[in-house]
Amino acid sequence: MSSKVQTNKAPAAIGPYSQAVVVGNLIFTSGQIPLNPETGALEGENITEQTHRVCKNLEAVLSAAGSSLKSAVKTVCFLANMADFAAFNEVYAQYFTEKPARSCVAVKDLPKGALVEVEVVAEKE
């Protein structure tokens, strides 16, 4: 049995999906792009600013699900430009201090013209 997660401290879904789904002891977040949860607008002019917003959104979703970034076991990261990899990693490392498993790929486009999207699998705390 699964349960859906929804919090107004993270952006509302911009499509037919949940912010996260809890199955047993695991939380599967949907990908977060750098949307401001209060305005719904894209936040940040560059990869550094956008990555901070993405990580804050993920913190909010995981908190609503009873977890945190420290309990992340896997992330999947999408970058609009692999040239942003080093700057992305600098910010990412500030939030994912437990170093979960990770995939990071460059993609052609992200929703709303975002530079970064991240999804997380975490354990409940």
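The values are calculated or read from the model by the stated rules, or taken from the named source; none is laboratory data. In this text, all values refer to a predicted model and were calculated from it rather than measured experimentally. Cβ atoms come from the backbone with ideal geometry, glycine included; neighbour counts cover every protein chain shown.
Some points to look at:
- The strands (runs of 3 or more DSSP E) found wholly in region 1-94 include none carrying at least 3 residues that are at pLDDT below 95 and surrounded by 13 or more Cβ atoms within 10 Å (Cβ to Cβ).
- Selection count, region 66-94, where residues are touching a residue at least 40 places away in the same chain (Cβ under 8 Å) and under 17 Å from residue 114 (Cβ atoms): 8
- Residue 39 satisfies every condition listed in (1) within 17 Å of residue 119 (Cβ to Cβ); (2) among the hydroxyl-bearing types (Ser, Thr, Tyr); (3) out of contact with any helix residue (DSSP H, G or I) (no Cβ under 9 Å at 6 or more places or on another chain) except (1).
- Scanning region 95-125 for residues that are small (Gly, Ala, Ser) and either crowded, with 19+ Cβ neighbours inside 10 Å or in a strand (DSSP E or B) (or both) returns 101, 103, 106, 114, 122.
Per-residue answers, yes or no, for (1) more than 16 Å from residue 125 (Cα to Cα); (2) in contact (Cβ under 8 Å) with a residue 24 or more places away in the chain; (3) among the β-branched types (Val, Ile, Thr):
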| residue | (1), (2), (3) |
| --- | --- |
| 5 | no, yes, yes |
| 17 | yes, no, no |
| 26 | no, yes, no |
| 35 | yes, yes, no |
| 43 | yes, no, no |
| 48 | yes, yes, yes |
| 61 | no, yes, yes |
| 64 | no, yes, no |
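- None of 64, 60, 80, 106 is touching a strand residue (DSSP E or B) at 6+ places or on another chain (Cβ under 8 Å) and closer than 22 Å to residue 7 by Cβ except 64.
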